[in-house]
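The block underneath contains the structure these notes are about, expressed in structure tokens.
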Amino acid sequence: MAQTSQNSSQWEWRLVKAAVFVFPLIPELGGLGLLIATIQILRQHFFRIIKQPIIKTFGVVSLWLIFTCIVSPRPLDAFLGLGNFFPFFLVFMSVSDLIKTPSHLRQLAWQLVIPSVAVFWLGVGQLFLGWGVPPALDPIISADLPPYGDPVGRMSSVFMYANILAFYFLMVFIIGIGLTLDLYQQWLFQPSSKNRALLIFVGSTVLSNGVGLLLTNSRNAWGLAFLACVVFALYLGWRSLVAICAVLASSIAIASWGPSPLKEGFRQIVPAYFWARLSDELYQRPYALLRTTQWKFAGQMMLDRPLTGWGLRNFSPMYKAQMKLWLGHPHNLFLMFLGEIGIIGTILFCSWVGWILFKGVLLYLKLCSLSTVKNYSGQLMLFTYLLAFSEAILFNCFDLSVFDGKANTFGWLILAAITGIVLSSENFISNYKNQEVNQENLY
């Protein structure tokens, strides 16, 4: 019976990996694969899964979201807003039940990183050659690929908007760096031609993701990618690289926001592509499009209904009614939550996610205390996933990824990976010790 359950889990895990692999380019096929795997896992293991304290707390959050929809002045809009959360909640529950070992983290990392090569080159063709989806393929491929980007001049590739592509590239950029470092450790132990080829491939993919981030022209993603590089440098003890990053960051910051005449001097050195975008001198934005205006409005929504909020998806119609401008979200997930699900719901949701990250950090610290080989194996991969999701949170302080199905899925998959490791920490530590002792080929 146990063997049958294990074989079933292996089949479901293979299906999840295949779905994640095709998801960026063919989201319908990838979504179908995730749906089938989710139904199968929950059908077999639902009652065991919901006994976990993390999942129980998750259920409380879900019930609160439903309650806020019921008491919302616009209940229909609010219930429709659950579509941005509940389907992904189910995927989160199922995938977190599958991921238990360091090997699972690596396998998922590969499925996330490899498709980014195609996403990048499609974006290059879009931005510089005006590529779009051929009309003959429209019935088959629903991916967005507007010629010259959306907005024009900013790479958006197969995502709905440049900032959403920036979120995707940020995630795979961080996961790719962790995978590269993990492969490097493997190559040091087994300097085979296979490991060298994999290392070159992943390294070049990370480089292309970094270039793609630049071409999205997303200030938010630029800063977070830079921060990720600094964090990895600190993790590895590369002080000289940290110093170089500090000099670069200071130079760009002075050129963007420094006082005159110092600012003008640095602008002779720093490319205008960076300081003009960061200082927002490229645009003259209307008052209603300023992030500060949106944040103030969301804050006022919270003050008007502090306990339950106005309900999901209620920011946009309320903002349009007052500002005479439709806006999809207030460019800050936490302020949106405060305005739409209230203080109680925001605290519940943030506490639940924070609890998972806290448990993940505790597990990472325990692995550090057990490790005899610096930066080896699951220790590094767990650190990478924790960093990726932490940066996803920071990204959502200035933009939102939850309204794009693909970006939202990737965020929940990364959190599911951390949760799965936390829920099976004893098994994870056992596998970690065995891999460290045996130094087996992990790829």
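Read-outs: derived from the displayed coordinates by stated rules, not from any lab. As the structure is a prediction and not an experimental result, all values here were calculated from the model. Counting neighbours? That spans all protein chains shown, and the Cβs are built from the backbone with ideal geometry, glycine included.
When you work out D = kT/(6 pi eta Rh) for the range 236-305 at 20 °C and 1.002 mPa s, using the Kirkwood radius from C-alpha pairs as Rh and the Stokes-Einstein form, the result is 146 µm²/s. Summary of packing: across the peptides 256-266, 54-64, the per-residue average of other C-beta atoms within 10 Å ranks them, highest first, as 54-64, 256-266. In units of the rule-of-thumb radius 2.2 N^0.38 Å, the range 214-262 shows an alpha carbon radius of gyration of 1.29. Evaluating kT/(6 pi eta Rh) at 4 °C and 1.567 mPa s, with the Kirkwood radius of the range 144-274 over Cα pairs in the Stokes-Einstein relation, gives 78 µm² s⁻¹. If you take all C-alpha pairs in the chain, what percent of them are over 43 Å apart? In whole percent, the share of Cα-Cα pairs in the chain beyond 43 Å is 13.
Entry note, the chain: relative contact order of 21 percent, from Cα contacts under 8 Å with a spacing of 6+ residues. Span-like helix criteria (full DSSP H runs; alpha carbon extent of at least 27 Å along the helix axis; mean Kyte-Doolittle hydropathy of at least 1.6) are satisfied in the chain by 342-370. Report note on the peptides 192-204, 342-354: ranked by the mean count of other C-beta atoms within 10 Å, highest first, their order is 342-354, 192-204. 3J(HN,Hα) along the range 259-264, derived from phi through the Karplus expression 6.51 cos²θ - 1.76 cosθ + 1.60 where θ = phi - 60°, amounts to x, 7, x, 4, 4, 5 Hz, with x in place of Gly and Pro. By the helix-only formula, in which each DSSP H run with n ≥ 4 contributes -39500 (n - 2.57) and the sum is divided by residues, the chain has a 222 nm mean residue ellipticity of -24000 deg cm²/dmol.
Taking the Cα centre of the range 254-352 as reference, the dipole from Cβ charges on Lys and Arg (+1) and Asp and Glu (-1) amounts to some 160 debye. In summary, the lysines within cross-link reach of K296, defined as a Cα separation below 26 angstrom excluding same-chain residues under 8 places away, comprise K320, K324. Partner lysines whose Cα lies under 28 Å from the Cα of K100, excluding those fewer than 8 positions away in the same chain, are identified as K17, K51, K56, K194, K359, K366, K374, K406, K433.
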